[in-house]
Each structure stands twice: as C-alpha cells, then as structure tokens.
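Since the structure comes first, as structure tokens, the remarks are kept for the end.
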Amino acid sequence: MTDLILHHYPTSPFSEKVRIAFGLKKLGWKSVTIPNIMPKPDLMPLTGGYRKTPVMQIGADIYCDTQLIMLEIEKHAPTPPLLPPGKEGEARALAMWIDRNIFWAAVGIVMGAIGDKLPEAFHKDRSEFSGRSFEPAKLKAAAPIAAQQTYAQLVLAEEMLGDGRAYLLGAAPSLADCALYNPVWFIKERLGGGKAVPPLDRLPRLTAWSERMKAIGSGNPTEMSAADALAVAKAAKPAACSVDAADPSGLKAGQKISITPDDTGKVPVTGTLVGLTPDHISISRNDERVGDIVVHFPRAGFIVTPA
Ligand SMILES: N[C@@H](CCC(=O)N[C@@H](CS)C(=O)NCC(=O)O)C(=O)O
C-alpha cells in the first residue's frame, strides 16, 4: 500500500506547507480530517502520543513533522524537485528558519486579531500545547510585537526576490517556498479573505509570489475516514529501515527510547529503535488497533532519551 495519507485539518498552516507540495508534484493523496485540538483518539494509535498536525501515513509507516514529511514526499515523487539539485542544504535551512521563527510570529498576528472569537477549549489546548498563554487579552496585547517580528523577517524574503527571481531559490518553487507559504497563507486566509493585509501590504514582491504559490494548488485529494486509515495501517507491514552503527549519538538498534519535540506539543513517544540516519530516527511500536507500525521523526528539534 503506497497511498500517501495526510492526517490534517483545513485551517492548519503546517498542513498547507504539505498540501502545496502535493500540488507542486501533481500528486493524488488521501485526506483524513483530524480534530484541531486534543483529544485525537484515532491519531494516537498511529503516532503513539505525537499530537501535532499534520502527520503523514504510508501503510504502516507514520511520518511526524513536516521536516520529514517533505523529504518523504520527495522520495516518493522526485520530480519536480522540492530540493533543487546543488541547493538541497539551502532549501532545508531556509525551511528550518521559516518554520521555527516566522511561523510563531505569524500566529501572534492572527491570534491577536481573532483569538477572542475562538472557543475557550481552543485557548486551553493551545496554552498547554505551546506553554504560552492563549488568553485573548494577552494575545491582543502581544500582537503588535508579533507584527513587527513577522515584518522584520518577511523583509528578508522580499530581498531574496529583489533580483526578479520568481521563487526564493530561483525560477522554480522549492521546499523553501512551500515553507514560507505556511505563515503567509495563514495571515492572508485568516485575516484578509485571501488578500494581502499588514504587514504583507508593504511587501509587493512577496504578495505577487504568494499569488504564484496559490496557483500551484493542492494536487488531487480523496477523502478517507480515520477508521479506514487505521485499517490500512493494520493490513500493512512497515518498510525496512536500518540503524547507522557509526551514528555520533551512540544509539544502537533494538534500544528502547523516547522521542520528544523540543518546542511545542512535548509528548514523548516510546518504542524500539529500528532506523537511524542523519535525517531521521525511527521506532517500532505496537498498538492493538493497528498492530506493528514504525513511527519516523526528524533528528533536528527532537530530543531522544533512553526509555
Ligand atoms: N514542527 C512541526 C510543527 C507542526 C505544528 O505546530 N502544527 C500545528 C498546526 S499548524 C499544531 O500541531 N497545532 C496543534 C494541533 O494541531 O493539535 C511540523 O513541521 O510539522
């Protein structure tokens, strides 16, 4: 079973980063809609506790975090490339900067504007998720700072487009563009009904770029139920993977470990180490609803401890 199954919800900006990659590669994919707050009872059997959005599933292999999801999509469908030949490191480094710095600043703008319209359960969930207060009055008070931080960083992207190139790394869109589309899409869609609102109104090249990105679309999704996704995992066998015995961490195949994000949604996932490369770390786990599965995480931004 090689269907790409994305567990996501429509308003999730990190999911938009992945959906636009599907668009770029003109892929068909299965769409499972998950709740935007905890609990996520049909996702937990797959991830073992990882709660962030999105998660990608291929059979009995579960990919957490868009850093890794994008690499897996690239492997699955290499053309057109998300990683431009010769600029693979640049594309990934730009994506890391955007994911870790611009995203939260953009969230500050959007939540400052609409936080008071969202339900109490959402505020409570996101306070727990991020370790920061999502109380509407505090969000509103912090919004001007978030706006300045977003602007100061988006200006760098505006500069990159200053020589007339269509996309951040040249004539074709790459992983870096998909990553930048996440916060830009979030601000435009949630606050501007698709139009450029501050601070995007001061960034004409970036605004024109965002229109080019929007035209890429989301590929060809087909709805799938959560129950069907669990059945796919149960019927499949995880793909083979291997542990680099010379990895600087000293981790060894068969070791019991826990893997925890270092920023938000810090829920440890525990299992047996079965895969280790410079890019990913993989553990096998068993759950009565899905049988034996392998959960894959990126290395950067994830803390690994003996279980
Ligand atoms: N580093 C993660 C970040 C993912 C993330 O923060 N996603 C947000 C939604 S866009 C989230 O998980 N929010 C809480 C939730 O959906 O439960 C990635 O690249 O996938």
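The values are calculated or read from the model by the stated rules, or taken from the named source; none is laboratory data. Keep in mind that this is a model prediction, so the values were computed, not measured. Please note: Cβ atoms are built from the backbone with ideal geometry, for glycine as well, and neighbour counts cover all protein chains shown. Surface areas here come from the heavy atoms of the whole protein model, side chains and all, with no ligands, DNA or RNA. Shrake-Rupley method; radii C 1.70, N 1.55, O 1.52, S 1.80 Å.
Scanning the range 139-157 for residues being among the charged types (D, E, K, R) and either loosely packed, with under 14 Cβ neighbours inside 10 Å or under 14 Å from PRO183 (Cβ atoms) (or both) gives a total of 0. Restricting attention to the range 19-46, the residues that are more than 23 Å from PRO119 (Cα to Cα), touching a strand residue (DSSP E or B) at 6+ places or on another chain (Cβ under 6 Å) and within 12 Å of the ligand (Cβ to nearest atom) add up to 0.
Does the range 187-215 hold any residues that are outside any helix (DSSP H, G or I), touching a residue at least 40 places away in the same chain (Cβ under 8 Å) and either open to solvent by less than 40 Å² (accessible area, probe 1.4 Å) or in the same structural domain as ILE20 (by TED's automatic domain parsing) (or both), and which are they? Walk me through how you get there before you give the answer.
Just the residues of the range 187-215 that are outside any helix (DSSP H, G or I), to begin with: 193-199, 203, 215.
Applying the additional criterion that residues be touching a residue at least 40 places away in the same chain (Cβ under 8 Å) yields 198-199, 203.
Selection gives PRO199, LEU203.
Here the condition is being of a type in the set (Val, Ile, Thr), part of a loop (DSSP other than H, G, I, E, B), surrounded by 18 or more Cβ atoms within 10 Å (Cβ to Cβ) and touching a residue at least 12 places away in the same chain (Cβ under 8 Å); of THR79, THR11, THR53, it holds for THR53 alone. Residues in the range 125-135 that are open to solvent by 50 Å² or more (accessible area, probe 1.4 Å) and within 12 Å of the ligand (Cβ to nearest atom): GLU128 alone.
Here is the figure for the range 229-264: residues that are surrounded by 13 or more Cβ atoms within 10 Å (Cβ to Cβ), out of contact with any helix residue (DSSP H, G or I) (no Cβ under 7 Å at 6 or more places or on another chain) and not in a loop (DSSP other than H, G, I, E, B) total 10.
When residues of the range 268-284 are filtered for being in contact with a strand residue (DSSP E or B) (Cβ under 7 Å, 6 or more places away or on another chain) and either in a loop (DSSP other than H, G, I, E, B) or modelled with pLDDT under 95 (or both), how many remain?
2
The C-beta contact set for the range 124-139 (first residue over 13 Å from TRP104 (Cα atoms), second residue more than 15 Å from the ligand (Cβ to nearest atom), distance under 7 angstrom, 6+ apart or interchain) comprises SER127/SER133; PRO136/ASP116.
Within the range 62-73, identify whether any single residue is assigned to a strand (DSSP E or B) and within 11 Å of the ligand (Cβ to nearest atom), and answer yes or no. Scanning the range 62-73 turns up at least one residue that is assigned to a strand (DSSP E or B) and within 11 Å of the ligand (Cβ to nearest atom). Only one entry of ILE109, ILE62, ILE114 meets the criterion of being of a type in the set (A, V, I, L, M, F, W, C) and surrounded by fewer than 16 Cβ atoms within 10 Å (Cβ to Cβ), and that entry is ILE114.
The condition of being of a type outside the set (Gly, Ala, Ser), outside the structural domain of MET96 (by TED's automatic domain parsing), out of contact with any Cys (no Cβ under 6 Å at 6 or more places or on another chain) and within 16 Å of the ligand (Cβ to nearest atom) holds for only one of PRO238, PRO278, PRO248, PRO261, that being PRO261. Scan ALA21, ALA105 and give me the residue that is within 13 Å of the chain's Cα centre (by Cα), part of a helix (DSSP H, G or I) and not charged (D, E, K, R). One residue alone meets the criteria, ALA21. Can ALA142 be described as closer than 27 Å to SER210 by Cα and in the same structural domain as ARG190 (by TED's automatic domain parsing)? Yes.
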